[in-house]
Amino acid sequence: MVTPTTPGVRDSTGAAVVAPSAPKPPSVHVRAVITWLAIFPLVAIGMLAMGPISVDWHPVARAFVLTLIVVPLAVYLVVPQLMRAYGAIRARKRR
């Protein structure tokens, strides 16, 4: 197996420095489960929190406001944390 080296980078002995291999990304199935684990609780909590104030709203308006809150929370906060946790668990199992 050929190990890729970092172009033009040498150590103190003059040997080429080997580039570390990037971890393999999770499968599409794992990403789907992680996304669901992020979205479901956020939607459930959001529906409960919005319930009393959105009783008379049109269902599309309710869905619009809920997704306006849930999607950014999931994309920027929850999913990255879950992916980091999954990576840590995966790395621990490899040892």
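Some notes on this structure:
- Degrees between helix 28-50 axis and first principal axis of the chain (Cα, 0 to 90, nearest 10): 30
- If R0 equals 30 Å, the separation of the Cβ atoms of ARG94 and LEU37 corresponds to a calculated FRET efficiency of about 0.85.
- Folded to 0 to 90 degrees: helix 59-73 orientation relative to the chain principal axis, Cα: 30
- For the chain, the Cβ-based charge dipole about the Cα centre amounts to some 540 debye (Lys, Arg positive; Asp, Glu negative; other atoms uncharged).
- Computed over the chain: relative contact order in percent, which uses C-alpha pairs under 8 Å that are six or more apart: 24
- Counting only DSSP H runs of at least 4 residues, each contributing -39500 (n - 2.57), and dividing by the residue count of the chain, the helix-based mean residue ellipticity at 222 nm comes to -19000 deg cm²/dmol.
- Per-selection Rg to Rh, the stretch 22-94 - Cα, Kirkwood hydrodynamic radius: 1.13
Each value in this text was obtained by applying a stated rule to the coordinates, not by laboratory testing. All of these numbers come straight from a predicted model, not from anything done at the bench. All Cβ positions, even for glycine, are placed from backbone atoms using ideal geometry, and neighbour counts span all protein chains on display.
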